[in-house]
Amino acid sequence: MSGIITGPYFKAYFDYPGPLALGTMVAILEVGAFITSIAAGRVGDLIGRKGTLFVGAVVFTIGGAIQTFTSGFWTMFAGRFVSGFGVGLLSTIVPIYQSEISPPNHRGALACMEFTGNIIGWLIDTDKDAEGMRVLADLHGGDLDDPTALAEFKEIKEKVHEERESGEGRTYMAMWKKYKRRVLLAMSSQAFAQLNGINVISYYAPRVFEEAGWIGRQAILMTGFNSLIYILSTLPPWYLVDRWGRRTILLSGAVIMSAALIATGWWMAIDVPRTPNAVVMCVIIFNAAFGYSWGPVPWLYPPEIMPLSVRAKGVSLSTATNWLFNFIVGEMTPYLQETMAWRLYPMHGFFCACSFVVVYFLYPETKGVPLEEMDAIFGEGAVNC
């Protein structure tokens, strides 16, 4: 909605909403997404990855139709809330599906492609061996006797048997007791993706540029230019994420983003003739840094580190964390822009610095590690703890 919220027609049509009303209209989508992202863990195990994706797409389309034919504030509110239900399902299951069908050496690139623009383990885990083998074969050219496909099937099947024999529970409580560290890491990646400030820009870019001195149509133009750079910045991870690794990308992104946000606040504080151009440059640098780092990787990392038996549930919690913090940032930003002014941006720069520290000391590297061997990097064996 960032391209329309400062427009005169939008303001007049919705009776000139104040900062809190505007924040609620924007952020209510995240409330719906939060609700279904929690439910998606169970739904994804019951009806499968494909079924959940279909339901999510239908619900999102219904919400979009309501928004298209909105008659006022509350209709738009309802439409975005319904769309949020679809977004929560899709944003939880898509990363799981991608991680489960991708080979280890290309898993990161494929997840990053999704950010720009699961069926095998689930099928085998629910004793649909023939269907699981068929999908694996299709991913390797269609030959049921393909050695790579057969080896992957054997590895996944052995992992499923190992987890069943260990008596490992599949409830949220059992997951928390055994995989607490993994759950917290998955949730923290999504929390920092929001606390690092991206939706201050993504949702409210025209307001940011107006605050810096760009007026009306000029602010919209700068928003469009910034969005193009943002899209282009999501392309390098296709190549880099499986070469540099997850940690290097997150760490470098955090440093650049923190510096850009602090500089944004500084230029706004001194308010000199060069401020409008300087702020645009700082915001572009921030968005580009986010686009290649904290944008795609937090969607890749959680399904990588969660074991098959609780993968859908673990990813549902991490995705719910994303939408919870997304809502908080979206709801509060218009109000904080008026009360904190330039200080808002260094505050998010501080969160970027915090994310650097957390990744540096706590995040293990997952580059090239098969999902079935992820226990090793966390120092866990097959025995239930």
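Using the heavy atoms of the protein chains and a 1.4 angstrom probe, tell me the accessible area per residue for the chain in square angstrom.
Averaged over the residues of the chain, the accessible area is 43 Å².
How do the peptides 178-185, 60-67, 313-320 rank, highest first, by the average count of neighbouring beta carbon atoms within 10 Å per residue? Kindly include the intermediate steps, with their values, before the conclusion.
Values: 178-185: 18.6, 60-67: 16.6, 313-320: 27.5.
The peptides rank, most packed first, as 313-320, 178-185, 60-67.
Report in % the part of the accessible area of the chain that belongs to carbon and sulfur, leaving out ligands and nucleic acids; probe 1.4 Å.
After summing per-atom areas, the C and S share lands at 69 percent.
What is the sum of charges around Thr36, taking Lys and Arg as +1, Asp and Glu as -1, for the other residues whose C-beta is under 13 Å from the C-beta of Thr36?
0
As I understand it, the dipole of segment 193-286 uses +1 on the Cβ of Lys and Arg and -1 on the Cβ of Asp and Glu, about the Cα centre. Which of Ala278, Tyr204, Gly245 lies farthest toward its positive end?
Gly245
How would you rank 329-337, 243-251, highest first, on the average number of other Cβ atoms within 10 Å across their residues?
Numbers: 329-337: 21.6, 243-251: 19.3.
Averaged packing, sorted descending, gives the order 329-337, 243-251.
Using helices alone, I'd like the mean residue ellipticity at 222 nm for the chain: each DSSP H run of four-plus residues gives -39500 (n - 2.57), total over residue count, nearest 500.
Result for the chain, helices only: -26000 deg cm²/dmol.
Could you check the simple spin-label distance between Phe14 and Ala341, using points 7 Å along Cα→Cβ, in nm with one decimal?
Those two pseudo-labels are separated by 2.6 nm.
Round to the nearest 0.05 the FRET efficiency obtained for Cys354 and Arg134 when R0 = 51 Å and r is the Cβ-Cβ distance. Please list the in-between numbers first.
Details: r = 46 Å, r/R0 = 0.90.
E between Cys354 and Arg134, to the nearest 0.05, is 0.65.
Spin-label point model (7 Å from Cα, Cβ direction): what's the Leu232 to Trp176 distance in nm?
4.6
Highest first, please rank the peptides 12-23, 32-43 by the mean number of other Cβ atoms sitting within 10 Å of their residues.
Values: 12-23: 15.2, 32-43: 22.3.
Top to bottom by mean Cβ count within 10 Å: 32-43, 12-23.
Kirkwood Rh and Cα-based Rg: tell me the resulting Rg over Rh for segment 39-97, rounded to two decimals.
Working: Rg = 12.5 Å, Rh = 11.6 Å.
Rg/Rh for segment 39-97 comes to 1.08.
Based on the alpha-carbon gyration tensor of segment 319-385 and its eigenvalue square roots a ≥ b ≥ c, which shape applies: rounded if a/c is under 1.5, prolate if not and a/b is larger than b/c, or oblate? Provide the component values of the computation, followed by the final result.
On the way: a/c = 3.97, a/b = 2.48, b/c = 1.60.
It is prolate, given that a/c is not under 1.5 and a/b is the larger ratio.
Taking only the C-alpha atoms, wrap a convex hull around segment 226-385 and report its volume per residue in Å³ as a whole number.
So the per-residue Cα hull volume is 125 Å³.
The values are calculated or read from the model by the stated rules, or taken from the named source; none is laboratory data. Worth saying up front: this structure is predicted, and the values here are computed from it rather than measured. We place every Cβ from the backbone using ideal geometry, glycine too, and count neighbours over all the protein chains shown. Each accessible area value is taken on the protein alone, full model and side chains, heavy atoms only, with ligands, DNA and RNA left out. Shrake-Rupley method; radii C 1.70, N 1.55, O 1.52, S 1.80 Å.
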